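The values are calculated or read from the model by the stated rules, or taken from the named source; none is laboratory data. All of these numbers come straight from a predicted model, not from anything done at the bench. Heads up, the Cβs are rebuilt from the backbone with ideal geometry, glycines too, and the neighbour counts pull from every protein chain shown.
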Amino acid sequence: VIISSPRKNGNSEMLSSQFADGARKAGHHVEEIFLRELNISPCIACEACLKNGGICVQKDDMKELLDKIINADVIALSTPVYYYSISAQLKIMIDRTLAGGGKMNNKEFYLITTAADGKHAMETTMEDMQGFVKCLPGSEVKGKIYGSAFHIGDIKGNPALDIAYKYGENC
Ligand SMILES: Cc1cc2nc3c(=O)[nH]c(=O)nc-3n(C[C@H](O)[C@H](O)[C@H](O)COP(=O)(O)O)c2cc1C
C-alpha cells in the first residue's frame, strides 16, 4: 500500500489504512509505505536503466521500493488530488519505476484518492494512476476508491472507509 500524501494521518492515508487492515484480516502480508518518509529523486531520463538491465544511476530509496513493488501481487496506490492530478511524491515514484522494465507486469491495482470537491474532481487523478497501470502489460485496476474530504480528518464517517476495507478484504 503506497501512501503518497505529504500530510500525516490525512484523508487518503486513512482510506489506505482501511484497505491495509482489510487485507491483513484476509490473511495477506501487507506493507504500508509512506513516500513522505523516503528519499526518492525524480527520474533524470538518462535511460541508463533501459540499457543496463534496470539499474538506476541514482542511489536512493527507490531501489528497495522497486524491489518491493516487483515482488508484490497487489498494489494499492493512494494520493490526494492536487490540482486535478496526483501528488508530486507519487508522480516521482511512478517515473522512477522505469527501471523496473518488464518486471512489474501482471499485478492487480487498487486506486485510492481524496479531494475536497467531490467525485468529479477525482477522475483526472484516477486517470493519471490508470495511465501508469496501462503501461504494465497484464496488470489491471481491480478497484477504485473515492473519498470526498477536505480538511484533515474530514474523511471520518465517510462510507468510502468501509468500501476501502472491503476491497482490502477481498483483494
Ligand atoms: C496543493 C493542493 C492542491 C489541491 N487541489 C485540489 C483540487 O484540485 N481539487 C480538489 O477537490 N481538492 C484539492 N485539494 C484538496 C485535497 O485534495 C484534499 O484536502 C484531500 O482530502 C487531501 O488528502 P490528504 O488528507 O490525504 O492529504 C488540494 C489540496 C492541496 C494541498
With the first residue restricted to the stretch 4-19 and required to be farther than 21 Å from residue 39 by Cα and free of Cβ contacts under 8 Å to residues at least 60 places away in the same chain, and the second required to be of a type in the set (Val, Ile, Thr) and not in a loop (DSSP other than H, G, I, E, B), Cβ contacts under 9 Å at 6 or more apart or on different chains are 17/3
Residue in the stretch 13-24 that is part of a loop (DSSP other than H, G, I, E, B), at pLDDT 95 or above and crowded, with 19+ Cβ neighbours inside 10 Å present: no
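Criterion first (buried (at least 18 other Cβ atoms within 10 Å of the Cβ) and under 21 Å from residue 71 (Cβ atoms)) does residue 122 satisfy it? It would help to see each step written out before you state the result.
Numbers: buried (at least 18 other Cβ atoms within 10 Å of the Cβ): yes; under 21 Å from residue 71 (Cβ atoms): no.
Criteria not met by residue 122.
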All-but-one check, residue 129 against (1) in a helix (DSSP H, G or I); (2) under 13 Å from the mean Cα position of the chain (by Cα); (3) free of Cβ contacts under 8 Å to residues at least 40 places away in the same chain, failing number (3)
Looking only at the stretch 130-139, decide whether some residue is within 16 Å of the ligand (Cβ to nearest atom) and touching a Ser or Thr at 6+ places or on another chain (Cβ under 8 Å).
-> no
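In the list 147, 153, which residue meets the criterion of being within 13 Å of the ligand (Cβ to nearest atom), surrounded by fewer than 16 Cβ atoms within 10 Å (Cβ to Cβ) and touching a residue at least 60 places away in the same chain (Cβ under 8 Å)?
The unique qualifying residue is 153.
Sort out which residues of the stretch 132-165 are assigned to a helix (DSSP H, G or I) and touching a Phe, Trp or Tyr at 6+ places or on another chain (Cβ under 9 Å), and write them in order of number.
Selection gives 132, 133, 160, 163, 164, 165.
Filter the stretch 66-81 down to residues that are within 10 Å of the chain's Cα centre (by Cα) and within 16 Å of the ligand (Cβ to nearest atom), then give me how many there are.
Number satisfying all stated conditions: 4.
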Subset of the stretch 25-44, residues surrounded by 11 or more Cβ atoms within 10 Å (Cβ to Cβ), free of Cβ contacts under 8 Å to residues at least 24 places away in the same chain and of a type in the set (Asp, Glu), comes to none
